[in-house]
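Structure record follows, encoded as structure tokens.
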Amino acid sequence: MTERVFAHRGSLDKYIGDAIMAVFGAPVPEAQHAHLACRAALDMVAELEAMQAEWRRDGMPPLDIGIGINTGPMIVGNMGSASRFNYTVVGDAVNLASRIESLNKTYGSNVLVSESTYERVKGEFPNAREVDQVQVRGRTQPVRLFELIPQARYAAMDWLQEYRAAYARMRAGDAVGAALAFEALHARTGDRASAYHAQRCRSSA
């Protein structure tokens, strides 16, 4: 996973338990830092899927990952005390990336990005889709979440238009109609976000 970060000119900030914290655009400025982060994330998922195939052949349990990406201003530099310091990034934008990462389990996704990241990269990733608007600690306005779907995960992506229509119905308050559409999508494609929204709509109908 670390090699995938380096391949896209990212910097390894630190390991946090079984997590990797990476930064794009610092210390060397990169105009396309958001694009590089998203490409690295999708490469990490592709690498993981290859490893999962090997683990299955060896009878080993599968492991999965969740990646959260946010783009925004942050403080960058050497931080700490006179006796110990390290180069890192801090700020609200950093905290939001961590919170986004933790939401992958909710939607069954691997890569979630914030609206600020999505707006910068949507031209390169037409298969990105909005999965929710969530309230996160420390923010008064809901945060819009978008999923980057690995290209090889589905044989075709024509069903995305149906997903977007069902999502719009849910946002408009048509819980019953949205639930039916999401259930049909999940049955046909196995899409995990559709399964989550179908259950959510049924609960609120």
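The values are calculated or read from the model by the stated rules, or taken from the named source; none is laboratory data. Quick caveat, the model's predicted, so the values are computed rather than measured. Heads up: the accessible areas ignore ligands, DNA and RNA and are worked out on the full protein's heavy atoms, side chains in. Shrake-Rupley method; radii C 1.70, N 1.55, O 1.52, S 1.80 Å.
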Q: Can you work out the accessible area per residue across the chain, with the rest of the protein chains kept in place, probe 1.4 Å, in square angstrom?
A: 55 Å²
Q | Mean projected area (nm²) of the alpha-carbon convex hull when the chain is viewed from all directions | A | 13.7 nm²
Q: Return the carbon/sulfur percentage of the accessible area of the chain, one whole number, probe 1.4 Å, all protein chains in place.
A: 53 percent
Q) Using the alpha-carbon centroid of each, what span in Å lies between the range 129-205 and the range 5-23? A) 29 Å
Q. With springs only between Cα atoms under 10 Å, which of P61, P29, P126 fluctuates most in a Gaussian network model of the chain?
A. P61
Q) What do you get when you divide the Cα radius of gyration of the range 65-140 by 2.2 N^0.38 Å, with N the number of residues? A) 1.29
Q) Helix 192-204 sits at what angle to the longest principal axis of the chain, using alpha carbons and giving 0 to 90 degrees rounded to 10? A) 60 degrees
Q. So what's the angle, to the nearest 10 degrees on a 0 to 90 scale, between helix 92-102 and the longest Cα principal axis of the chain?
A. 50 degrees
Q) Going from the alpha-carbon gyration tensor of the range 110-205, what semi-axes, largest first and in whole Å, does one get by taking the root of 5 times each eigenvalue? A) 21, 19, 11
(Q) To test your reading of the geometry: what angle, between 0 and 90 degrees and rounded to tens, separates the Cα axis of helix 175-189 from the longest principal axis of the chain? (A) 80 degrees
Q) So what is the calculated 222 nm ellipticity per residue for the chain, using -39500 (n - 2.57) for each DSSP H run with n of 4 or more, over all residues, to the nearest 500 deg cm²/dmol? A) -14000 deg cm²/dmol
